[in-house]
Amino acid sequence: DGGITQSPKYLFRKEGQNVTLSCEQNLNHDAMYWYRQDPGQGLRLIYYSQIVNDFQKGDIAEGYSVSREKKESFPLTVTSAQKNPTAFYLCASSIGTALNSPLHFGNGTRLTVT
Amino acid sequence: KQEVTQIPAALSVPEGENLVLNCSFTDSAIYNLQWFRQDPGKGLTSLLLIQSSQREQTSGRLNASLDKSSGRSTLYIAASQPGDSATYLCAVTDNQGGKLIFGQGTELSVKP
């Protein structure tokens, strides 16, 4: 079955540690995205990538970093510089850009930092 | 700056009712609008995508309409079922960089 796999489902870290969230897709999609979801708020875009080895900052990129070395993979690192990292993180992909194709989402990773 | 609003934040209806979820946006210069469903602790599933040139899209018991000039979209669910219970989010794609801007969602509960 084609889809997007995010791992792990739950992640716990101590404050001051960097942590990397995994996102893998086998849909052969060019574009990939990372969103953050907080209770009572809509999704906010962290980073997106439209092609391998290229990515752009979204609306809330501070304290996060990404890489896109392979088409299938778009890992997100939450660094110690992110002031409020506890949240639900969602990865998505699309065939083309969001201009003309629907997004497909993974099941998310819930990160708790204490 | 584009803002997307969904009202109400939560809605509870008895099974079998037809219902309408609302989405409004402040800037009519959008490329498309999407409706998503999110089950608790899960990712989002795309339900319907309406291009800016379209007025509505239908899929099964779901019908989404778009009125760009007034900055509104509605998601109509016919003959609601308990399995429809979920959070429904709308998102618009802006004309600039093609980014999606999401509303906060409406949490729907359909009671048997």
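Taking loop as defined by DSSP and a crowding limit of 11 other beta carbons within 10 Å, which trypsin sites (Lys or Arg not before Pro) in the stretch B:25-112 fit?
Numbers: sites: B:Arg37, B:Lys42, B:Arg55, B:Arg61, B:Lys68, B:Arg72, B:Lys99; in loops: B:Lys42, B:Arg55, B:Arg61, B:Lys68, B:Lys99.
Listed in order of number, the matching sites are B:Arg55.
Taking the Cα centroid of the stretch B:13-29 and of the stretch B:73-112, what is the distance between the two, rounded to the nearest whole Å?
Each part's Cα centre sits 7 Å from the other's.
Within the set A:Lys9/B:Lys68; A:Lys57/B:Lys111; A:Lys70/B:Lys42, which residue pairs have Cα atoms separated by over 32 Å?
Working: A:Lys9/B:Lys68 38 Å; A:Lys57/B:Lys111 42 Å; A:Lys70/B:Lys42 25 Å.
From A:Lys9/B:Lys68; A:Lys57/B:Lys111; A:Lys70/B:Lys42, over 32 Å: A:Lys9/B:Lys68; A:Lys57/B:Lys111.
Please give the length that would be gained between B:Lys1 and B:Ser52 if that part of the chain were fully extended, namely 0.36 nm times their separation in residues minus their C-alpha to C-alpha distance (nm, one decimal). Mind showing how you got there, number by number?
Working: separation 51, 0.36 × 51 = 18.36 nm, distance 1.83 nm.
Going from the current span to full extension adds 16.5 nm.
Taking every pair of alpha-carbon atoms in the stretch B:1-41, give the share separated by more than 11 Å as a whole percent.
Details: 626 of 820 pairs.
Summing the P(r) tail past 11 Å for the stretch B:1-41 gives 76 percent.
Pick out, in residue order, every one of the GluC sites (Glu not before Pro) in the stretch A:1-95 that is DSSP loop and has at most 11 other C-beta atoms within 10 Å; say none if there are none.
Details: sites: A:Glu15, A:Glu24, A:Glu62, A:Glu69, A:Glu72; in loops: A:Glu15, A:Glu62, A:Glu69, A:Glu72.
Loop-located and lightly packed - A:Glu15, A:Glu62, A:Glu69.
Using Cα-Cα distances under 8 Å and only pairs 6 or more residues apart, what relative contact order does chain A have, in percent?
Values: 292 pairs, mean separation 40.0, N = 114.
Relative contact order, chain A: 35 percent.
Taking just the alpha carbons, could you work out the radius of gyration and Dmax for the stretch A:47-114, both in angstroms?
Cα radius of gyration and Dmax of the stretch A:47-114 are 12.7, 40 Å respectively.
Could you estimate the translational diffusion coefficient of the stretch B:10-112 from the Stokes-Einstein equation, with Rh from the Kirkwood formula over C-alpha pairs, at 20 °C and 1.002 mPa s, in whole µm²/s?
On the way: Rh = 13.8 Å.
After rounding, the answer is 155 µm²/s.
Which distance in nm do the two modelled labels at B:Ala29 and A:Ser22 give, with both placed 7 Å along the Cα-to-Cβ direction?
If labels sit at B:Ala29 and A:Ser22, their model points lie 4.2 nm apart.
In terms of Cα to Cα distance under 20 Å, which aspartates and glutamates are near enough to A:Lys14, apart from those fewer than 8 places away along the same chain?
A:Asp38, A:Glu62
Bear in mind these aren't lab numbers, they're just calculated from the coordinates by the rules spelled out. Remember, it's a predicted structure, so these values are computed and weren't measured experimentally. Here the Cβ is made from the backbone with ideal geometry for all residues, glycine too, and neighbour counts use every protein chain on show.
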